[in-house]
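Have a look at the structure below, then the notes.
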Amino acid sequence: MPARFLPLADVAEILSISSAQAYALVRSGDLPAIKVGGRGQWRVETTELESYIQRMYSQTRALVERGGLDEAAEATAAEGLERG
């Protein structure tokens, strides 16, 4: 049975982003998460992660349809520079 909840490190790996970026998604409310355990470890439900991914696809699709592909490409390039 697959895990229902994922630690932020796994979320970061799945999305190919840094742990800090995954935490920022949770902190901003873009990616719903819960705190569990005595040390308050963040966990993201797999269904919430999938919903987030689908929302991002929809937003990107809308951006492309509005002709904002160049903006999306620039943002992706800038993100790559931040990680690199």
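The values are calculated or read from the model by the stated rules, or taken from the named source; none is laboratory data. The model shown is predicted, which means the values in this text are computed figures rather than measured ones. All Cβ positions, even for glycine, are placed from backbone atoms using ideal geometry, and neighbour counts span all protein chains on display. Keep in mind that these areas ignore ligands, DNA and RNA; they rest on the heavy atoms of the full protein, side chains included. Shrake-Rupley method; radii C 1.70, N 1.55, O 1.52, S 1.80 Å.
Overview of values
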read-out: Vicinal HN-Hα couplings computed from phi for segment 33-49 (Karplus, 6.51 cos²θ - 1.76 cosθ + 1.60; Hz; Gly/Pro x); value: 8, 10, 9, 10, x, x, 9, x, 6, 6, 9, 10, 5, 4, 5, 5, 5
read-out: Overall form of segment 1-72 per C-alpha gyration tensor (a/c, 1.5; a/b vs b/c); value: prolate
read-out: Distance-filtered residues of segment 36-54 - backbone nitrogen under 15 Å, label point 7 angstrom along residue 13 Cα→Cβ; value: 44
read-out: Anisotropy class of segment 1-41 from Cα gyration tensor, a/c 1.5 cut; value: oblate
read-out: Heavy-atom SASA rank of 4, 66, 39, 61 (probe 1.4 Å, accessible area, largest first); value: 39, 66, 4, 61
read-out: Whole-Hz ³J(HN,Hα) from phi, Karplus 6.51 cos²θ - 1.76 cosθ + 1.60, for segment 9-15, glycine and proline x; value: 4, 5, 4, 4, 5, 4, 8
